[in-house]
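Below is one structure, written out as structure tokens; the observations come after it.
The values are calculated or read from the model by the stated rules, or taken from the named source; none is laboratory data. Model, not experiment: these values are computed from the prediction. Cβ coordinates were reconstructed from backbone atoms using ideal geometry, including for glycine residues, and neighbour counts include every protein chain displayed. For the accessible areas, the whole protein counts, side chains as well, though only heavy atoms, and no ligand, DNA or RNA atoms are used. Shrake-Rupley method; radii C 1.70, N 1.55, O 1.52, S 1.80 Å.
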Amino acid sequence: MKFFLMRNPAIAMTARADSCYFLRPGESPVAMAGVDVQAISRAMQISAAPVTQEEVDDILGAERRAFLVDQKVLLHAPKPVLEKILPAAREIPRPVKHLVLGITGAIASLQVVPLVLELLSHVAEKVDVILTDAALNLVKPEAIEYLGARAWTDTFSLKGDMNVPHVQLAQAADLVVVLPASAHTLHKIAQGACSDLLSLTVAATSAPVVLFPSMNCAMWDNPGVGRNIRQLREDGFYVVEPGAGREVAQGTGQMLMHGAVGLGQVGLVQFLREIVSLHKETLQSAASDPDR
């Protein structure tokens, strides 16, 4: 069986002057000094997908190629084995057909836009994003739409065949996620306020709704916020416990108990996939137990 070469997707390369450095998580960097940086860069480009040894040798020579293979910067294996390593080559089934993502005015919304592409790639076949009025101070709808999702900012704005957006979004959704969920939005949802597109959509959907609260700990500890959180949990919403964060209003020196979206080391994609699976199991269990 013929062997091919491919750049190790776990490494990152940087270069300065005539030196290259290959950075690997948990391992010492691999350094190459006095080299043709442009040639190394070219070899890294062509080996992003499996290539023949001859193609790499034409650029680097056999000695440089052998060194990079020995240091596991270049992986050496049959083509099917290498292709399985590539994230783009793996077809990951997405558990949700249609996800509605709500973004509110919490400061954590600044971190959400890059996650839209992850949601489209690994969680849902289609994503609609609802931006509250407060969210528009931090997030531009154009950035959302550039990534391939539709952005909604107005209860009465129509797109395509969407004549009543909140009803049609609610009915189409297999999963609704509010990330981040500000104290204000949590209050609206808990009280069934139906005063903007996001709260209307949540009120009208039968899909599971996952809420990611994000606020400073003084707000989280407020009795009114606590009542809303308890009500939301009792009403069947998945309320994610917030994580430790920093009070941005006071600079970076003050640590909070409840400032950040509480994902820990799980990651959003894995978390939502688990929620979808958990919800299905809960429904199946309820259906099999009529007395529940």
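Fully extending the segment from ALA204 to TYR21, taken as 0.36 nm per residue of separation minus the present Cα-Cα distance, adds 60.5 nm. Take each peptide in 100-109, 54-63, 22-31, count the other Cβ atoms within 10 Å of every residue, and average; sorted highest first, the result is 100-109, 54-63, 22-31.
In this label model, LYS159 and LYS2 are separated by 4.6 nm, measuring between points 7 Å along each Cα→Cβ vector.
Cross-link check: pairs LYS84/LYS280; LYS2/LYS72; LYS97/LYS188; LYS188/LYS280 evaluated at a Cα-Cα cut-off of 21 Å; pairs beyond the cut-off: LYS84/LYS280; LYS97/LYS188; LYS188/LYS280. Take the Cα of GLU274, step 7 Å along the line toward its Cβ, and report every residue of the stretch 203-246 whose backbone nitrogen sits under 13 Å from that point. In the stretch 203-246, the label zone of GLU274 (backbone N under 13 Å from the point 7 Å along Cα→Cβ) covers 240-241. Here r is the Cβ-Cβ distance between ASP58 and SER121 and R0 is 30 Å; the resulting FRET efficiency, rounded to 0.05, is 0.30. For the chain, what % of the accessible area comes from carbon and sulfur atoms, probe 1.4 Å? Carbon and sulfur together cover 52 percent of it. In this structure the chain gives 54 Å² per residue of accessible area when probed at 1.4 Å with all protein chains present. Please build a GNM for the chain, connecting alpha carbons under 10 Å apart, and tell me which residue among GLY34, GLY236, GLY267 fluctuates the most. It is GLY34.
The spacing between the stretch 180-197 and the stretch 52-118, judged by their C-alpha centroids, is 38 Å. Its DSSP H runs of at least 4 residues, each contributing -39,500 (n - 2.57), put the calculated 222 nm mean residue ellipticity of the chain at -11000 deg cm²/dmol, to the nearest 500. The overall shape of the stretch 9-68, judged from the alpha-carbon gyration tensor, is oblate: a/c is not under 1.5, and a/b is no greater than b/c. The computed semi-axes √(5λ) of the Cα gyration tensor in Å for the structure shown corresponds, within (1) 29, 22, 18; (2) 25, 22, 21; (3) 45, 23, 19, to (3).
Under the shape rule built on the C-alpha gyration tensor, where the axes satisfy a ≥ b ≥ c, the stretch 66-135 is oblate, since a/c reaches at least 1.5 while a/b does not exceed b/c. A full extension of the chain between ASP221 and THR282 corresponds to an added length of 18.9 nm, given 0.36 nm per residue minus the alpha carbon distance. Sorting the segments 198-204, 37-43 by their mean number of nearby beta carbons within 10 angstrom, highest to lowest, gives 198-204, 37-43. Fully extending the segment from GLU241 to GLN111, taken as 0.36 nm per residue of separation minus the present Cα-Cα distance, adds 45.0 nm. Anisotropy class assigned to the stretch 167-251 is prolate, per the alpha carbon gyration tensor with a/c at or over the 1.5 cut-off and a/b larger than b/c.
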